[in-house]
Amino acid sequence: MDVLYFAWVRERIGLPKEKVDTQAATVNDLVAELSAREDRYAAAFSDLSALRVALDQELSDFDASLIGVREVAFFPPMTGG
Amino acid sequence: MDVLYFAWVRERIGLPKEKVDTQAATVNDLVAELSAREDRYAAAFSDLSALRVALDQELSDFDASLIGVREVAFFPPMTGG
Amino acid sequence: MRVAVQEEAFDLGAEANAFAAGDDANGAIVTFTGVVRDLASGDLDVMEIEHYPGMTERALTKIAQEAKDRWSLGDVLVIHRHGRLAAGDRIMMVATAAPHRKDAFEAAEYLMDYLKSRAPFWKKEVTNTGAEWVAAKDEDEDALTRW
Amino acid sequence: MRVAVQEEAFDLGAEANAFAAGDDANGAIVTFTGVVRDLASGDLDVMEIEHYPGMTERALTKIAQEAKDRWSLGDVLVIHRHGRLAAGDRIMMVATAAPHRKDAFEAAEYLMDYLKSRAPFWKKEVTNTGAEWVAAKDEDEDALTRW
């Protein structure tokens, strides 16, 4: 599964994109798995209310299922316009 | 006093502007005076709810005083934009 | 603030660029452009716009000033044509520049609502079957109750 | 309907003219242009706009399509830049064409409200004292409750 990071999430984790082998059933499970890996992940995911998630380029929720999902992206609330 | 007519009021009365010597105290008095003159005025002023009046180039009302007024204009509701 | 009442065509793009080139404290620029619509029947020959010289400029300036007093605006532009126009021709435009988008949008809508019902312009549609003055719409008068 | 996500500058005037040159059934054209504001402190060096290639186009197209479904619109345009911009640079524009002004205005405001909070762009302000990600505003999220 491709996992992408944008804006300060990218900066805190230190990379824009990585391949992750996971059996995580939901986004929350994936977040827990990543946070357990290293402090930089734990720091980036410490406050999920400050984060948004997209599954296959559609905005989604942290309790959404990852079944069939190829691309997960984490980022802060958007500030376009 | 200059009296101006615009749009269909101008067409119905048949002129864009005229000088009127009047002692009319209010717009309503002036309208009554003009309507008594000729049918074309009576026709133009037959339904005042379909007309607007400006005194010295400011929108006003038919019961407004004409004291000190130099220019009166009659026209239908505006349709700019 | 600029108010122009003119017979000549104006260039929307050039006006928009010139207007937006102002102060960089304004993060939001809104323009509204009115275009002569072809009639449903498709037989509009010409749209004639009559106005009240003197009062027109005064009324538009007053409306623009009221918008500036009411919202936090960096700049306001109003252009309105008179005379003979064809389908597709641009009749008028307003533009607003503001630090914030809400102010720019609201002020532009306010300008349009007042300009429709309080500026002395009258439209006449000339078709191959005759000419008719455009009737004012109740909804245009009603729009003013919003403000 | 056109959606463009690009690094290059766009010409507001040329875009507005091209957009307004369409169908003469549309009597009302609204444009909104976002400009990089200088900071109150006046020391903005550059604004960096990051985006999510792929999702950005998809999100903007969805927002534009929703506007077309919801209002009676002849056409919709959305342009949004990414990369490095300076104060005074134009970040983005939307344009709407409609038979009636209310539709054109509402659809443009809707596009802006959704684009602010639902299109994957992130702004970073770089000043002489450092760089900071722009925080999302509660009022931008709240603006969506209007629709």
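What residue, of A:Leu51, A:Leu30, A:Leu66, is within 14 Å of chain D (Cβ to nearest Cβ) and touching a strand residue (DSSP E or B) at 6+ places or on another chain (Cβ under 7 Å)?
Result of the check over A:Leu51, A:Leu30, A:Leu66: A:Leu51.
Could you tell me which residue of the stretch A:30-71 is nearest to D:Ile63 (Cα to Cα), considering only residues that are out of contact with any Ser or Thr (no Cβ under 8 Å at 6 or more places or on another chain), in contact (Cβ under 8 Å) with a residue 12 or more places away in the chain and not aliphatic (A, V, I, L, M)?
A:Gln57
Looking at the stretch C:98-112, is at least one residue charged (D, E, K, R) and within 26 Å of C:Val46 (Cβ to Cβ)?
Of the residues in the stretch C:98-112, the ones charged (D, E, K, R) are C:101-103, C:106, C:109.
Pick out the ones that are also within 26 Å of C:Val46 (Cβ to Cβ) and you get none.
No - not one qualifying residue is present in the stretch C:98-112.
What tally of residues in the stretch C:63-72 results from selecting those that are among the basic types (Lys, Arg) and under 14 Å from the mean Cα position of the chain (by Cα)?
Keep residues of the stretch C:63-72 that are among the basic types (Lys, Arg), which gives C:68, C:70.
Those left that are additionally under 14 Å from the mean Cα position of the chain (by Cα): none.
Residues in the stretch C:63-72 being among the basic types (Lys, Arg) and under 14 Å from the mean Cα position of the chain (by Cα): 0 in total.
Residues in the stretch D:106-130 that are more than 7 Å from chain A (Cβ to nearest Cβ) and at pLDDT 95 or above: how many?
Of the residues in the stretch D:106-130, the ones more than 7 Å from chain A (Cβ to nearest Cβ) are D:106-111, D:113-114, D:124-130.
Still in the list and also at pLDDT 95 or above: D:106-111, D:113-114, D:124.
Qualifying residue count for the region: 9.
If I ask for residues that are surrounded by fewer than 21 Cβ atoms within 10 Å (Cβ to Cβ), part of a loop (DSSP other than H, G, I, E, B) and touching a residue at least 60 places away in the same chain (Cβ under 8 Å), which ones from the stretch D:75-102 would you list?
D:Asp89, D:Pro99, D:His100
With closer than 19 Å to D:Val3 by Cβ and not aromatic (Phe, Trp, Tyr) as the only criterion, which of D:Lys68, D:Lys102 stands out? Please lay out each step first, then the result.
Working: D:Lys102 fails: closer than 19 Å to D:Val3 by Cβ.
D:Lys68 is the lone residue from the list that is closer than 19 Å to D:Val3 by Cβ and not aromatic (Phe, Trp, Tyr).
Filter the stretch D:31-53 down to the residues that are out of contact with any Lys or Arg (no Cβ under 8 Å at 6 or more places or on another chain), surrounded by 16 or more Cβ atoms within 10 Å (Cβ to Cβ) and at pLDDT 95 or above and list them by number.
Listed by number, the residues that qualify are D:Thr31, D:His51, D:Tyr52.
Taking the stretch C:116-126 as the search range and keeping residues that are out of contact with any strand residue (DSSP E or B) (no Cβ under 6 Å at 6 or more places or on another chain) and closer than 22 Å to C:Leu39 by Cα, which one is surrounded by the fewest Cβ atoms within 10 Å (Cβ to Cβ)?
Selected residue: C:Ser117.
Could you tell me which of the residues B:Ala25, B:Ala73 is touching a strand residue (DSSP E or B) at 6+ places or on another chain (Cβ under 9 Å), surrounded by 14 or more Cβ atoms within 10 Å (Cβ to Cβ) and among the aliphatic types (A, V, I, L, M)? Can you show your working first?
Working: B:Ala25 fails: surrounded by 14 or more Cβ atoms within 10 Å (Cβ to Cβ).
Within the list B:Ala25, B:Ala73, the selection yields B:Ala73.
Please verify whether A:Glu58 is closer than 17 Å to D:Thr56 by Cα and either surrounded by fewer than 17 Cβ atoms within 10 Å (Cβ to Cβ) or at pLDDT below 95 (or both), treating the condition exactly as stated. Show your work before the answer.
Values: closer than 17 Å to D:Thr56 by Cα: yes; either surrounded by fewer than 17 Cβ atoms within 10 Å (Cβ to Cβ) or at pLDDT below 95 (or both): yes.
Taking the combined requirement at face value, the residue satisfies it.
Check C:Asp75, C:Asp89, C:Asp103 and return the single one that is away from chain B (no Cβ under 11 Å) and either more than 16 Å from the chain's Cα centre (by Cα) or under 30 Å from B:Asp2 (Cα atoms) (or both).
Details: C:Asp75 fails: either more than 16 Å from the chain's Cα centre (by Cα) or under 30 Å from B:Asp2 (Cα atoms) (or both); C:Asp89 fails: either more than 16 Å from the chain's Cα centre (by Cα) or under 30 Å from B:Asp2 (Cα atoms) (or both).
Being away from chain B (no Cβ under 11 Å) and either more than 16 Å from the chain's Cα centre (by Cα) or under 30 Å from B:Asp2 (Cα atoms) (or both) holds for just one of C:Asp75, C:Asp89, C:Asp103, which is C:Asp103.
Scan the stretch B:9-22 for residues that are farther than 12 Å from B:Val53 by Cα and buried (at least 18 other Cβ atoms within 10 Å of the Cβ) and jot them down. Spell out how you get there, then give the answer.
Taking the stretch B:9-22 and keeping what is farther than 12 Å from B:Val53 by Cα, we get B:10-22.
Of everything in the stretch B:9-22, those that are farther than 12 Å from B:Val53 by Cα and buried (at least 18 other Cβ atoms within 10 Å of the Cβ) turn out to be B:Arg10, B:Ile13.
Of all residues in the stretch C:127-147, which are in contact with a helix residue (DSSP H, G or I) (Cβ under 8 Å, 6 or more places away or on another chain) and of a type in the set (Lys, Arg)? Outline the logic, then answer.
Initially, the stretch C:127-147 is screened for residues in contact with a helix residue (DSSP H, G or I) (Cβ under 8 Å, 6 or more places away or on another chain), giving C:133, C:136, C:140-141, C:143-144, C:146-147.
If the condition is that a residue be in contact with a helix residue (DSSP H, G or I) (Cβ under 8 Å, 6 or more places away or on another chain) and of a type in the set (Lys, Arg), then C:Arg146 is the only one that fits.
State yes or no: is B:Asp2 under 21 Å from C:Ser117 (Cα atoms), within 14 Å of chain C (Cβ to nearest Cβ) and surrounded by fewer than 19 Cβ atoms within 10 Å (Cβ to Cβ)?
Numbers: under 21 Å from C:Ser117 (Cα atoms): no; within 14 Å of chain C (Cβ to nearest Cβ): yes; surrounded by fewer than 19 Cβ atoms within 10 Å (Cβ to Cβ): yes.
Taking the combined requirement at face value, the residue does not satisfy it.
Quick test of your reading of the structure: A:Ala7 fulfils all but one of (1) within 14 Å of chain D (Cβ to nearest Cβ); (2) out of contact with any strand residue (DSSP E or B) (no Cβ under 9 Å at 6 or more places or on another chain). Name the failing condition by number.
(2)
Identify all residues within the stretch C:8-22 that are touching an Asp or Glu at 6+ places or on another chain (Cβ under 8 Å), of a type in the set (A, V, I, L, M, F, W, C) and surrounded by fewer than 17 Cβ atoms within 10 Å (Cβ to Cβ); write none if there are none.
Within the stretch C:8-22, C:Ala9 is the sole residue that qualifies.
From the list D:Asp38, D:Asp45, exactly one residue is of a type outside the set (S, T, N, Q), more than 9 Å from every other protein chain (Cβ to nearest Cβ) and farther than 18 Å from D:Thr96 by Cβ. Which is it? Give the steps one after another, and end with the answer.
Details: D:Asp38 fails: more than 9 Å from every other protein chain (Cβ to nearest Cβ).
Only one candidate passes the filter, namely D:Asp45.
The values are calculated or read from the model by the stated rules, or taken from the named source; none is laboratory data. Note that the structure is a prediction, hence the values are computed from the model and not measured. Using ideal geometry, Cβ is built from the backbone for each residue, glycine included, and neighbour counts are taken over all protein chains shown.
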